[in-house]
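Each remark here refers to the structure printed beneath this line.
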Amino acid sequence: MLAELKGLNEECGVFGIWGHPEASQITYYGLHSLQHRGQEGAGIVSTDGEKLVAVKGEGLVNEVFGNGRLQDLGAGKAAIGHVRYATAGGGGYENVQPLLFHSQSGSLALAHNGNLVNANALKHQLETMGSILQTTSDTEVLAHLIKRSGYTLLKDRVKNALSMLKGAYAFLIMTETEMMVALDPNGLRPLSLGKLNDAYVVASETCAFDVVGAEFIRDIEPGELLIIDNGGLHSERFTLHTQRAMCSMEYIYFSRPDSNIDGINVHTARKSLGKQLAMESAVEADVVTGVPDSSISAAIGYAELSGIPYELGLIKNRYVGRTFIQPSQALREQGVKMKLSPVRGVVEGKRVVMVDDSIVRGTTSRRIVKMLRDAGATEVHVRISSPPIKNPCFYGIDTSTHEELIASSHSVEEMREIIGADSLAFLSPGGMVEAIDRPFDGETRGQCMACFTGKYPTEIFPDTVLPHEKC
């Protein structure tokens, strides 16, 4: 899928390692594997046990750490890193993470994936007490809360601060002597623990472990505070009030297909979504094609169950940057034409099933349908491997407002007319849950369904700032 192109932008990705003589280099490769989660900025903070050193900047990982800048981090034994996606209102160097803070009692680095729904309320409270915030990122809030906590031990100050946060957060916190890993009580964002020889590794996705040669150990638990130091691992809880609600879009779009979330391979989950879609919304056609890249797995699943051959009807230009990072709609529209090309020899004279993972505004779907028709497709049937996105996300995905979500104000038939397809069908919410088949009980199997159903797993504050203004 082409994101926005479509308006679905992930907040960011985090990577950390403790106890490795080449920590910065390992983190660099780890961030490369998470580049799909953010292309606006990247950063690494390393420590040799005595000081924290930061290198960060705007751009892709290889751009930020080119020209020898990786060597500026020195020979640290531990590091945390961050990649950040392009935002509409919260860009700029000062917001690139990890954030690094110095004080007389020591230094602290923070990397965050997610979005806090009570950030504005906490910022107002902090400023009333005299804090001066240096960024527009809600990540900075945690540092101020930690500093203002009255507890003596850092772990207790961190627990106290985390207990005040609402929303989605996967945090990496590093000082000169320890690394702390925290996941929100709902586990909205993926976060996993691995091991590389004697070093411990933490990453937003397990694909990073494969890239750096680490072995997966387990997923970080909701409400867990994991402390890693020279003595090993120490797991504690900052809350016992947890309720699993993993973001459904991690399976549908955001995560790499070679990653595993709660023991489920993402590619396998997407194939199952495609098969379920074929069961629910069969149509007579000649070929099935997917919109590169994240929809390919679902398209293969659709083709397998329907018996309709899968073909490469759309080709992605690998040498064009991700078009959703363009700052204007006009540039995004031009980016669609540069990014995708129909394969005339595959679709000409054929009835085509075009499988995609979601429709946000509908503009990209309309352009792709037109591309296929212009290439000679006689019919274009659009099948979406998720339910209609009717509600904004406040947890770290830029799905903007109700007004910009086409499914919020249009029926499926109206959407079909707008995108110009011969037919349009979405996957049912129940079918999606069954297809992913997470190993948990309940109607949602521990998934967040808010963007589809409007049932948010946390309180939503009146002044919550949408994710495209954050991180």
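The values are calculated or read from the model by the stated rules, or taken from the named source; none is laboratory data. Small disclaimer: the values here were computed from a predicted structure and weren't measured. Cβ sites come from the backbone with ideal geometry, for glycine too, and all protein chains shown count toward neighbours. Surface accessibility is based on the protein's heavy atoms, side chains included, excluding ligands, DNA and RNA. Shrake-Rupley method; radii C 1.70, N 1.55, O 1.52, S 1.80 Å.
Points to keep in mind about this one:
- The residues in the range 299-308 that are among the charged types (D, E, K, R) and part of a loop (DSSP other than H, G, I, E, B) can be counted, and the count is 0.
- Failed condition for residue 112, given (1) open to solvent by 10 Å² or more (accessible area, probe 1.4 Å); (2) modelled with pLDDT of 95 or more: (1)
- The requirement of being of a type in the set (A, V, I, L, M), touching a His at 6+ places or on another chain (Cβ under 8 Å) and in a helix (DSSP H, G or I) is fulfilled somewhere in the range 402-424, by at least one residue.
- Tally, over the range 201-247, of residues that are under 29 Å from residue 432 (Cα atoms) and touching a helix residue (DSSP H, G or I) at 6+ places or on another chain (Cβ under 7 Å): 5
- Close pairs (8 angstrom Cβ cut-off, 6 or more residues apart or separate chains): more than 26 Å from residue 255 (Cα to Cα) in the range 280-306, assigned to a loop (DSSP other than H, G, I, E, B) and of a type in the set (Lys, Arg) anywhere: 285/350; 286/350; 287/350
- Matching option when the condition is open to solvent by 10 Å² or more (accessible area, probe 1.4 Å) and more than 20 Å from residue 234 (Cα to Cα), among 163, 137, 107: 107
- Test set (1) open to solvent by less than 10 Å² (accessible area, probe 1.4 Å); (2) closer than 26 Å to residue 28 by Cβ - residue 214 fails condition number: (1)
A quick yes/no check of all residues on (1) under 24 Å from residue 396 (Cβ atoms); (2) of a type in the set (Gly, Ala, Ser); (3) modelled with pLDDT under 90; (4) more than 25 Å from the chain's Cα centre (by Cα):
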site: 56; (1), (2), (3), (4): yes, no, no, no
site: 60; (1), (2), (3), (4): yes, no, no, no
site: 64; (1), (2), (3), (4): yes, no, no, no
site: 72; (1), (2), (3), (4): no, no, no, yes
site: 80; (1), (2), (3), (4): yes, no, no, no
site: 100; (1), (2), (3), (4): yes, no, no, no
site: 104; (1), (2), (3), (4): no, no, yes, yes
site: 107; (1), (2), (3), (4): no, yes, no, yes
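- Of everything in the range 378-393 that is touching a Lys or Arg at 6+ places or on another chain (Cβ under 8 Å) and open to solvent by less than 10 Å² (accessible area, probe 1.4 Å), the residue that is farthest from residue 12 (Cα to Cα) is 380.
- Cβ pairs under 7 Å, 6+ apart, first in the range 57-84 and free of Cβ contacts under 8 Å to residues at least 60 places away in the same chain and farther than 18 Å from residue 180 by Cα, second open to solvent by 50 Å² or more (accessible area, probe 1.4 Å) and assigned to a loop (DSSP other than H, G, I, E, B): 74/48; 75/21; 75/48
- Pick from the range 181-205, criterion assigned to a loop (DSSP other than H, G, I, E, B) and of a type in the set (Gly, Ala, Ser), ranking: nearest to residue 241 (Cα to Cα): 187
- Just one of the numbered conditions (1) under 14 Å from the mean Cα position of the chain (by Cα); (2) assigned to a loop (DSSP other than H, G, I, E, B); (3) of a type in the set (D, E, K, R) is not true of residue 250: (2).
- Comparison of 168, 208 shows that the only residue that is open to solvent by less than 10 Å² (accessible area, probe 1.4 Å), part of a helix (DSSP H, G or I), touching a Gly at 6+ places or on another chain (Cβ under 7 Å) and under 27 Å from residue 394 (Cα atoms) is 208.
- Only one entry of 51, 77 meets the criterion of being open to solvent by 50 Å² or more (accessible area, probe 1.4 Å) and out of contact with any His (no Cβ under 8 Å at 6 or more places or on another chain), and that entry is 51.
- Counting only helices (runs of 4 or more DSSP H) that sit completely within the range 309-386, those holding 2 or more residues that are over 21 Å from the mean Cα position of the chain (by Cα) and modelled with pLDDT under 95 correspond to 329-339, 363-374.
- Looking only at the range 257-278, residues that are under 17 Å from residue 34 (Cβ atoms) and acidic (Asp, Glu) come to 1 in all.
- Condition check for residue 301: small (Gly, Ala, Ser), within 26 Å of residue 115 (Cβ to Cβ), at pLDDT 95 or above and buried (at least 20 other Cβ atoms within 10 Å of the Cβ): no
- Take the conditions (1) modelled with pLDDT under 95; (2) open to solvent by 10 Å² or more (accessible area, probe 1.4 Å); residue 396 misses just one of them, which is (2).
- Residue in the range 21-42 that is among the charged types (D, E, K, R), within 16 Å of residue 171 (Cα to Cα) and either modelled with pLDDT under 90 or in contact with a strand residue (DSSP E or B) (Cβ under 7 Å, 6 or more places away or on another chain) (or both) present: yes
- Considering only residues in the range 242-271 that are open to solvent by 10 Å² or more (accessible area, probe 1.4 Å) and of a type in the set (Asp, Glu), the one that is nearest to residue 429 (Cα to Cα) turns out to be 262.
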